[in-house]
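Each remark here refers to the structure printed beneath this line.
The values are calculated or read from the model by the stated rules, or taken from the named source; none is laboratory data. All of these numbers come straight from a predicted model, not from anything done at the bench. Because the Cβ atoms are built from the backbone with ideal geometry, glycine has one as well, and the counts that use them run over all protein chains shown. When the accessible area is computed, the model is the full protein with side chains, heavy atoms only, and any ligands, DNA or RNA have been set aside. Shrake-Rupley method; radii C 1.70, N 1.55, O 1.52, S 1.80 Å.
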Amino acid sequence: GGTMKRRAGEREKELKKKKLLEELGEDRLPYLTPADADFHQLWKTKYSKLILRKSDTVPEELHQMVQESFLTLREHNCFFQDLVRIKGKDFLTPVSRILIGNPGCTYKYLNTRLFTVPWPTEDYDIKYCSPQIHDACKALMRLNDYLHIEAVKALRGQNLFETKEIKATAVIDREQSFDTSLTEQGSVSKDQSSVCVPEDDRSLKNRTSYNLTLLNYMDPLQMLYLKQEPYFGMGNMAVSWHHDENLVERSTVAVYNYSCEDSAIQGSHEQELKGRDPAVWHVGLKVAWDIETPGLAVPLHQGDIYLMLDDLNMTHQHCVLAGLSPRFSSTHRVADSSRGTLEYILGQCELALQNLQTDSDSMALSVKSLEAAVVKQVEEIHNEVEFEWLRQFWFQGKRYLKYTDWWLKPMAKLEEFWRKLEIMTSLVLSEVRKEQQIEEQRNETISCFLLLLKERQKLRKEWTAR
């Protein structure tokens, strides 16, 4: 409910923004690039929770491992366009993706649940389809560990600047190079976010302990059509304006960029161009629902890393602006795993099956309770298993078998649970048809039971149509 209200509020604000632009007779808002004089100042005051680490700050060995892993995964055809659902319609994403992370973890965006290809984790028996895929997953786990440490450092630095105003004015006024001023600076303006509350290490680690990475790949020259950025005229977009979904609140998102640039693109002169260089990939940022603050287009080169700290993902929106070369990225997230892990859904199944009993003599099955609350809980779990897990998994075909068979056993177990849940639905149906129950209790049970059955029927029709 809260998410729906928030989205409705966001849509309303976007409509107001468009209306205001029309009234102003404008069709474009201003945005800044490194070529603009006020670019550095705007970043420090309005976008300071975006931290850029240039490629030369990252260990060379890590670059080599990670970039090889991207190319390996592409060679093995491991990147897939996702079929996502927006406003009741299905769309193929322009970007191809693969999710790698903790065993049993999932990530849901735009009504599509992705299942992790597990990275090699101690105490888990994970068999990969080839040693190269094992090595690629291991390299990305190494990158994940590195980015966790970098994010903790960045948040500590941010807290230091917030709590102790270390000669902030002198630092801002001092002329610095683009690289050092924007990659190391961490001062946060008062208009961004709340007043700083000192945090302990546990809180920082919880908000930076990435449990998965969503890898992206796109070759813009292979795309017949790319959407144009609508507000600022920034050019071709690979990913439209959005907030990242399904994350732990105020958790950091860390992104490793690998654009396969050739010498011509690397040598392009950003400073001589008006607006952003269309040959170079950029991350675009804007303050959400704000038409006064200019947007920001930050160029991304091979091996650059950027971090979106604290509440930046909530207060701002970002997009990815396509360059000319193929580009990979590894986007590390602290996914909200309260309802998105294998452990969670297996626990829900066990909970539901507590209402099923077997007669010790006849071995006949029956339900223990017909109380409305119990029946409702069981049928909600039934729907969750079927539509959030089994159908989401098999809908995407056998793509996961390209990497590992790790998910096959858990899915077989969930199917077994689902069959028992189907039996429980039949048993409840048989019981409520009988007349001997108290009428008021019976009506209450039937009422909530039918509601969930109608929901199931509706969802089955939708999935069949898809």
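Taking the condition of being touching a residue at least 12 places away in the same chain (Cβ under 8 Å), small (Gly, Ala, Ser) and open to solvent by 40 Å² or more (accessible area, probe 1.4 Å), how many residues in segment 366-411 meet it?
Result for segment 366-411: 1.
Would you pick out the residues in segment 295-324 that are in a loop (DSSP other than H, G, I, E, B), crowded, with 20+ Cβ neighbours inside 10 Å and of a type outside the set (Gly, Ala, Ser)?
Leu300, Asp304, Leu309, Asp310, Leu324
For segment 21-116, list the strands (runs of 3 or more DSSP E) that sit wholly inside it and hold at least 2 residues that are of a type in the set (A, V, I, L, M), open to solvent by 20 Å² or more (accessible area, probe 1.4 Å) and in the same structural domain as Pro230 (by the TED database); which are they?
Output list reads 80-86.
Going by the conditions given, is Ser338 open to solvent by less than 50 Å² (accessible area, probe 1.4 Å), assigned to a loop (DSSP other than H, G, I, E, B) and not hydrophobic (A, V, I, L, M, F, W, C)?
Considered against the rule, which asks whether it is open to solvent by less than 50 Å² (accessible area, probe 1.4 Å), assigned to a loop (DSSP other than H, G, I, E, B) and not hydrophobic (A, V, I, L, M, F, W, C), Ser338 comes out as no.
Just to be sure I understand the filter: pairs with C-beta atoms under 6 Å, separated by 6 or more residues or on different chains, first member in segment 67-88 and within 14 Å of Ala139 (Cβ to Cβ), second member of a type in the set (Ser, Thr, Tyr) and buried (at least 18 other Cβ atoms within 10 Å of the Cβ). Which pairs pass?
The qualifying pairs are Gln67/Tyr258; Phe70/Tyr258.
Within segment 218-232, does at least one residue satisfy the condition of being outside any loop (DSSP other than H, G, I, E, B), in contact with a Lys or Arg (Cβ under 7 Å, 6 or more places away or on another chain) and at pLDDT 95 or above?
yes
Within the group Leu356, Leu309, which residue is of a type in the set (A, V, I, L, M, F, W, C), touching a Leu at 6+ places or on another chain (Cβ under 7 Å), touching a residue at least 24 places away in the same chain (Cβ under 8 Å) and not assigned by the TED database to the domain that holds Pro410?
Among Leu356, Leu309, only Leu309 is of a type in the set (A, V, I, L, M, F, W, C), touching a Leu at 6+ places or on another chain (Cβ under 7 Å), touching a residue at least 24 places away in the same chain (Cβ under 8 Å) and not assigned by the TED database to the domain that holds Pro410.
Given the structure, is Leu414 under 25 Å from Gln354 (Cβ atoms), touching a helix residue (DSSP H, G or I) at 6+ places or on another chain (Cβ under 8 Å), open to solvent by less than 50 Å² (accessible area, probe 1.4 Å) and assigned by the TED database to the domain that holds Gln354?
Yes.
Of the residues Leu312, Leu342, Leu300, Leu324, which is within 19 Å of the chain's Cα centre (by Cα) and within 24 Å of Thr93 (Cβ to Cβ)?
Exactly one residue qualifies, and that residue is Leu312.
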